[in-house]
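Quick notes on the structure that follows.
The values are calculated or read from the model by the stated rules, or taken from the named source; none is laboratory data. Just so we're clear, the structure is a prediction, and the values are computed from it rather than from any experiment. Here Cβ is always computed from backbone atoms with ideal geometry, including for glycine, and neighbour counts include all displayed protein chains.
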Amino acid sequence: MNNDHQSIQSSIAGVISEARTVVITTHVNPDGDAIGSALGLWHWICSKGAEAQVVLPNAAPENLRWLPGASSMITYGPAGIEWLERADVVVVLDLNTLLRLGELGERIAASSARIVNIDHHTHPQAFAEIALIDTDACSTCSMIAELIIASDGPEALTPNMSMCLYTGIMTDTGSFRFPRTNANVFRLVAALLERGADPVKCYDEVMNQSSFGRTRLLGAALASLQLHASGSVCTMTVRRSDLIDTKCSVDDVEGFVHHTLSIAGVMLGILFVEVDGEAKCSFRSKGDTFVRDLAATWGGGGHVYAAGARIRHRPFQEVVDEVTAAAISIIPIE
């Protein structure tokens, strides 16, 4: 960790220690890293005596609502606007542009509060007064854990903080199997376990609580798998009719895309989900195949191996065909 990184950590800790009212937010359709980092930071700020509130652009997934403090979170609306009007600090987590927050992002941009951004995505936009960006970090949760330890020492990590932060690290590393899962990650996780994180409970609550309908939806998604480019590209589709038939929502497809990379020889996988007025595209890759720029073609973004995009007002099958053809075109020819 370089001196500049440590200096930014100190600046953020100073802003938080001086704050009276803090709003914490994260990206739309929040995942484990988004919710875990928001709640981990919320617990820490509250422990310092400040008033804090997590305001989400939309509701958290069901499998993350067990986390300590989750019941205190609110979604953006009149109450969220009131909190933003009172806040002297707004902390934006796990995203690199306010555009991903819609109206909530516009409110933050117009706010007189000091804005802090903590994130590990590439190509960050300069919207914050203080930005802690580490594109080598495995997760935003790991950055929050390091911030707390650097500021107050590992003893400042409570069991509630540790559980939230461990959850985000576990989910964003794919249960410690994705790139950027290095020795430092395991040292940090060891500190969280020593301070009260329960890995057995965490995995069970996040991974083993699927409804019968979601399991049926996964079956339909697996049945849709197709291989392209001599088996290098795999696509999976979930139609709106599948969601209706299984009584599921788009949130229930979280994690489905990883099954595309479980097939031998596949270097790039795409999950297409048909929702009202748009096609949701989730990209995953490995090796020398990168998907961030592919997602950016349709206004999306993310990491080099994990990205997404939403394509609106186009026929679903037309989107599937166009995006699949673009994915095939980036596969190296041997």
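Annotation note: Cβ proximity below 7 Å between a residue of region 296-314 that is among the basic types (K, R) and a residue that is not in a loop (DSSP other than H, G, I, E, B) (sequence gap 6+ or interchain) occurs for R310/E278; R310/K280; R312/E278; R314/A279. Within region 141-154, residues that are farther than 16 Å from A38 by Cα have Cβ atoms under 9 Å from residues that are among the charged types (D, E, K, R) and part of a helix (DSSP H, G or I) in these pairs: P154/E194, counting only partners at least 6 apart in sequence or on another chain.
One residue stands out in region 241-256 among those that are charged (D, E, K, R) and without any contact (Cβ under 8 Å) to a residue 40 or more places away in the chain: the one that is nearest to L268 (Cα to Cα), namely D242.
Pairing residues of region 13-26 that are farther than 15 Å from W42 by Cβ and polar (S, T, N, Q) with residues that are surrounded by fewer than 17 Cβ atoms within 10 Å (Cβ to Cβ) and modelled with pLDDT under 95, at Cβ distances under 9 Å and at least 6 apart in sequence or on separate chains, gives S17/K48. T167 meets the conditions (1) on the phi > 0 side of the Ramachandran plot; (2) under 19 Å from the mean Cα position of the chain (by Cα) in every case but one. The failed one is (1). Among the residues of region 13-41, the ones that are surrounded by 24 or more Cβ atoms within 10 Å (Cβ to Cβ) and part of a helix (DSSP H, G or I) come to 10 in all.
Of these, P179, P159, P154, which one is in the same structural domain as P68 (by TED's automatic domain parsing) and at pLDDT below 95? That would be P179, the only listed residue that is in the same structural domain as P68 (by TED's automatic domain parsing) and at pLDDT below 95. Checking each residue in region 221-240 for being touching a helix residue (DSSP H, G or I) at 6+ places or on another chain (Cβ under 9 Å) and polar (S, T, N, Q) picks out S224, Q226, S232, T235, T237.
Of the candidates I144, I74, the single residue that is crowded, with 21+ Cβ neighbours inside 10 Å, at pLDDT 95 or above and within 20 Å of the chain's Cα centre (by Cα) is I144. Within region 88-103, being closer than 21 Å to G301 by Cα and either charged (D, E, K, R) or modelled with pLDDT under 95 (or both) holds for D94, L95, N96, T97, L98, L99, R100, L101, G102, E103.
Suppose we filter region 310-334 for residues that are closer than 19 Å to F290 by Cα and not in a helix (DSSP H, G or I); how many remain? Residues flagged as closer than 19 Å to F290 by Cα and not in a helix (DSSP H, G or I) within region 310-334 amount to 6. If you go through region 1-20 and keep only what is under 25 Å from the mean Cα position of the chain (by Cα) and among the hydrophobic types (A, V, I, L, M, F, W, C), you end up with M1, I8, I12, A13, V15, I16. If you check A59, A34, A38 for being small (G, A, S) and modelled with pLDDT under 95, only one passes: A59. Scanning region 155-168 for residues that are free of Cβ contacts under 8 Å to residues at least 60 places away in the same chain and outside any helix (DSSP H, G or I) yields one hit, L157. I'm checking my understanding of the structure. Among residues of region 264-290 that are at pLDDT 95 or above and assigned to a loop (DSSP other than H, G, I, E, B), which one is surrounded by the most Cβ atoms within 10 Å (Cβ to Cβ)? Out of the qualifying residues, it is V266.
Look through region 60-74, keep the residues that are in a helix (DSSP H, G or I) and small (G, A, S), and return whichever of them is nearest to C164 (Cα to Cα).
The qualifying residue nearest to C164 (Cα to Cα) is A70.
Taking A295, is it part of a helix (DSSP H, G or I), within 22 Å of the chain's Cα centre (by Cα) and buried (at least 20 other Cβ atoms within 10 Å of the Cβ)? Against the criterion (part of a helix (DSSP H, G or I), within 22 Å of the chain's Cα centre (by Cα) and buried (at least 20 other Cβ atoms within 10 Å of the Cβ)), A295 qualifies.
The set of residues from region 1-49 being small (G, A, S) and over 24 Å from E155 (Cβ atoms) comprises G32, A34.
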